[in-house]
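The values are calculated or read from the model by the stated rules, or taken from the named source; none is laboratory data. As the structure is a computational prediction, the values presented were derived from the model and not from experiment. Every residue, glycine among them, receives a Cβ derived from its backbone with ideal geometry; neighbour counts consider all protein chains shown. Remember, those area values only see protein heavy atoms, side chains included, never the ligands or the DNA or RNA. Shrake-Rupley method; radii C 1.70, N 1.55, O 1.52, S 1.80 Å.
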Amino acid sequence: MAIVPEGMIADLLTRKASFDAVEKVFAAMAAGDAYNFPVVREALGHEDALYGFKGGFDRAGGVLGLKAGGYWPHNLERRGLINHQSTVFLFDPDSGRVKAMVGGNLLTALRTAAASSVSIRHLARADAKVLGMVGAGHQAKFQLRAALETHAFEKVIGWNYHPEMLPGLAAVAEEMGVPFQAVDLPGLAEADVIVTITSSFAPSLMAAHVSPGTHLACMGTDTKGKQEVEAALLGKATVFCDEVAQSVSIGEAQHAVAAGLIGAGDVTPIGAVINGAHPGRSSAEEITLFDGTGVGLQDLAVADAIVETALARGLATVVPL
Ligand code: NAD
């Protein structure tokens, strides 16, 4: 079994490798070659923690496994550890023997940012110049870096419910040589692409804030009840997702479906666009929206890429079973 601990991930996983792994597994999902298992999520009744498993099998890539982890809200104050903690386990699909254990914290942020970037690559207008950010927390910085590496944006504009967090986001944009401007919500109409990444349970971004031709990547809603954008926006947009079942139950589409504005049949897995089975954006005026809920196969694909790199460089700790 190969062990790649959390502390080694930053040196082993590039944003490009993460993008490539996520793009490939989204395509495999849409082709029916890879599927996610039902998600398990439990309140432990201990340390107020939420713990669960996200797993899947990519038959095309030969990757089987799960990510185990969750949210421990008191970690930072009581232990000086980050509150999100997870670990990926990979198994040999032929024998069922465990193959690898990989730290899952940084991996989660990079694979989530890769998903929105894949959507930008395949759905944004080629002439998009202004990137809008809604959210300025931990994930937002990863989202911003990945988006700026994916497309040549000339400017970043940002809004956050807690405006005091925006300078952290501005620093990332400026570090990457792109000017940043804080705006109010109507000011986001200037954006050609908008990434939303908040933990909100009520919509911030309304349909009136979004201009024709915009691509949105809605990345924060991954639980029943969370919501970042007005449901009417999904009624106006062409909606894509990572996985339809998750999108309509725990993703941003849950609200538009509940309101009868769209049905599950109106949501297209982005893998179909990557595979060429769906044409993607059809005009310069169309609003496209990617509902990124986060699937286990993203974690497994990226973990597999990390293990391969670690083994090739002789950096993984290999223990006999
Ligand atoms: P964080 O706590 O670091 O940041 C939270 C962000 O939400 C901040 O910008 C904060 O200002 C904003 N916010 C808080 N309350 C709000 C409200 N009432 N209205 C509007 N905005 C509000 O969290 P994070 O680690 O950056 O995660 C952000 C979200 O992304 C979470 O909901 C998390 O579950 C989700 N997430 C999704 C995936 C995925 O694959 N889709 C992966 C990881 C995290």
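A few comments on the model shown:
- Matching entry among MET165, MET133 (being of a type outside the set (Asp, Glu) and over 16 Å from MET176 (Cβ atoms)): MET165
- Subset of the range 146-171 (residues that are touching a helix residue (DSSP H, G or I) at 6+ places or on another chain (Cβ under 9 Å), within 13 Å of the ligand (Cβ to nearest atom) and not in a loop (DSSP other than H, G, I, E, B)): ALA146, GLY158, TRP159, MET165, GLY168, LEU169
- Top-ranked residue of the range 262-321 - restricted to ones that are within 16 Å of the ligand (Cβ to nearest atom) and assigned to a loop (DSSP other than H, G, I, E, B), ranked as nearest to ASP58 (Cα to Cα): VAL295
- All strands (runs of 3 or more DSSP E) inside the range 1-101 with 2 or more residues being open to solvent by less than 50 Å² (accessible area, probe 1.4 Å): 2-4, 34-36, 50-58, 63-71, 84-91
- Residue list for the range 249-261, restricted to those being of a type in the set (A, V, I, L, M, F, W, C), within 16 Å of the ligand (Cβ to nearest atom) and buried (at least 24 other Cβ atoms within 10 Å of the Cβ): ALA253
- Per-region count, the range 87-140, residues aromatic (Phe, Trp, Tyr) and assigned by the TED database to the domain that holds VAL172: 0
- The set of residues in the range 105-137 that are within 11 Å of the ligand (Cβ to nearest atom), part of a loop (DSSP other than H, G, I, E, B) and touching a residue at least 40 places away in the same chain (Cβ under 8 Å) comprises GLY135, GLY137.
- The range 174-225 holds strands (runs of 3 or more DSSP E) entirely within its bounds, and those carrying 1 or more residues that are open to solvent by 50 Å² or more (accessible area, probe 1.4 Å) and of a type in the set (S, T, N, Q) map to 180-182.
- The set of residues from the range 173-188 being among the aliphatic types (A, V, I, L, M), more than 13 Å from the ligand (Cβ to nearest atom) and under 23 Å from the mean Cα position of the chain (by Cα) comprises ALA173, MET176, VAL178, LEU188.
- Qualifying residue in the range 141-154 (condition: in the same structural domain as HIS278 (by the TED database), farther than 28 Å from ALA27 by Cα and over 17 Å from the mean Cα position of the chain (by Cα)): yes
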